[in-house]
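The values are calculated or read from the model by the stated rules, or taken from the named source; none is laboratory data. Because the structure is predicted, anything quoted here is derived from the model rather than measured. Note that each Cβ is placed from the backbone with ideal geometry, even for glycine, and that neighbours are counted across all protein chains shown. Just so you know, the surface numbers come from the protein's heavy atoms only, side chains and all, with ligands and any DNA or RNA stripped out. Shrake-Rupley method; radii C 1.70, N 1.55, O 1.52, S 1.80 Å.
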Amino acid sequence: MREALVEGQDERTTGARAADEHHADIYGEDGAVLSSFLAQIGAAIADRDTLTLKREVDDLHQSELGDLIEALHPEQRLALVELLGSDFDFSALTEVDEAIRLDIVDNLPNAQIAQAVQELDSDDAVYILEDLEPEDQDEILSQLPFTERIRLRRSLDYPEETAGRRMQTEFVAVPPFWTIGQTIDYMREDKNLPDRFSQIFVIDPTFKLLGAIDLDQILRTKRAVKVEEVMHETRHAIPATMDQEEAAREFEQYDLLSAAVVDENERLVGVLTIDDVVDVIQQEAEEDLLRMGGVGDEELSDSILSTSRSRVPWLLVNLLTAFLAASVIGLFDHTIERIVALAVLMPIVAGMGGNAGSQTMTVTVRALATKDLDIYNAGRIIRREMGVGFINGIVFAILIGIVAAVWFHDPNLGGIIAAAMIINMFVAALAGILIPLLLDRFKVDPAVASAVFVTTVTDVVGFFAFLGLATWWFNVG
């Protein structure tokens, strides 16, 4: 027995070492696909050397194949898929940018796609099909077996970015009156079960979810015991229409590995697994980051024209708000003409306020996204940010006041910019938290719109406070 265990351990160690060596052959120290490997694949594509391609690609994980596809030139990607034919792992297309995936799929015949999606898990199949035109979806689905067609159509009918779109429709479900022995025999004999699962769900004849059993519980229970005696109530069943970000939050809060997905009638329709949730978390984080920069759902593989078009709207909004800030400066043009130092110093006040507002805004938007900021603790957080803004304003007011006074040999000018700094840093902190809260209150995504409004407030207040105080103090204008 000991020898068998040691032998098995040696085999696993050898396999792991082989996998590591294979991984090292593909990636360089920087984590990018090696140029030598790319050159080898590129040469095989150019020579239409199918045998070499299959040998080099056959052992790649779907994520590694996805990285390879992204690293290839656009014309090489489609050629790789065509040369590999039925040996191409279509699950790799779930690992690439949307633009690359669409470019490949749009150039493949629907019959080939239909054949490929039959071999994929339902969640991966939906991921590929959901971006296609409706007529292409219908044509591909019409070529699938009836049961699989119904499952995929049901998932595609759910709104985008919901649990119903991300769920896997392959699961194991048994009636409550079965014994543990019957359940084990069923799992051994049925060839249509999912490749991996950690829970068995218990349903009534109408598919209504009654409970679940973990696999470790089955292994510890005698064969004669009935399922209903050891099943537990399904904790945190996820409605199919729940937003995928909310579903991911359920997994995070309750440390779930998988969760049942139910329809409006509490009937079991699928299962959401941790690997899908990790993808959702990464996707949502990337979306929030891109939206805060005003670039929407832009991908690195997007064309020059589409990238430019996606950035124009918010740049236009920024231009309009810049005119607002410029109009404030115009109110004090006589003051600036008399005291040129003001033109040198006023960008400092606005810039510091903008950075302070952005810091508060980033924390607030993230707290709203994770539901850490709500009506119960909003008052405390607002007071905290007001305090932070006031303290930071004093610190930097002292610094910039001393520098300005020494630089321009004018203590009055140092005092004016110090006072303006305190005002603008305080207002920036308030704007950074109140603007996202107000946008969220009115059902506007704060990640998208907050930055423009916060920057406008800090620019306008900064210019007005600095130039207004200077005009009052020097009694000009």
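Listing for the model above:
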read-out: Criterion violated by residue 222 - all others in (1) farther than 18 Å from residue 163 by Cβ; (2) surrounded by 14 or more Cβ atoms within 10 Å (Cβ to Cβ) satisfied; value: (2)
read-out: Flag for residue 169 being among the β-branched types (Val, Ile, Thr), open to solvent by less than 20 Å² (accessible area, probe 1.4 Å) and under 31 Å from the mean Cα position of the chain (by Cα); value: yes
read-out: Filter pass, residue 238 being of a type in the set (Val, Ile, Thr), over 25 Å from residue 63 (Cβ atoms) and either at pLDDT 80 or above or crowded, with 19+ Cβ neighbours inside 10 Å (or both); value: yes
read-out: Near pairs, Cβ below 8 angstrom, 6+ apart or cross-chain, from the range 268-279 (over 14 Å from residue 170 (Cβ atoms)) to any residue that is among the small types (Gly, Ala, Ser); value: 274/258; 277/247; 277/248
read-out: Residue 440 surrounded by fewer than 24 Cβ atoms within 10 Å (Cβ to Cβ) and touching a Lys or Arg at 6+ places or on another chain (Cβ under 8 Å); value: no
read-out: Residue 132 outside any helix (DSSP H, G or I) and either touching a strand residue (DSSP E or B) at 6+ places or on another chain (Cβ under 7 Å) or surrounded by 16 or more Cβ atoms within 10 Å (Cβ to Cβ) (or both); value: yes
read-out: Residue, nearest to residue 419 (Cα to Cα), within the range 356-381, restricted to residues that are of a type in the set (Val, Ile, Thr) and crowded, with 17+ Cβ neighbours inside 10 Å; value: 360
read-out: The listed residue being among the small types (Gly, Ala, Ser), touching a residue at least 12 places away in the same chain (Cβ under 8 Å) and part of a helix (DSSP H, G or I), out of 405, 431; value: 431
read-out: Residues of the range 287-305 classified as open to solvent by 70 Å² or more (accessible area, probe 1.4 Å) and at pLDDT below 75, total; value: 4
read-out: The lone exception for residue 108 - which of (1) surrounded by fewer than 15 Cβ atoms within 10 Å (Cβ to Cβ); (2) more than 19 Å from residue 147 (Cβ to Cβ) it fails; value: (1)
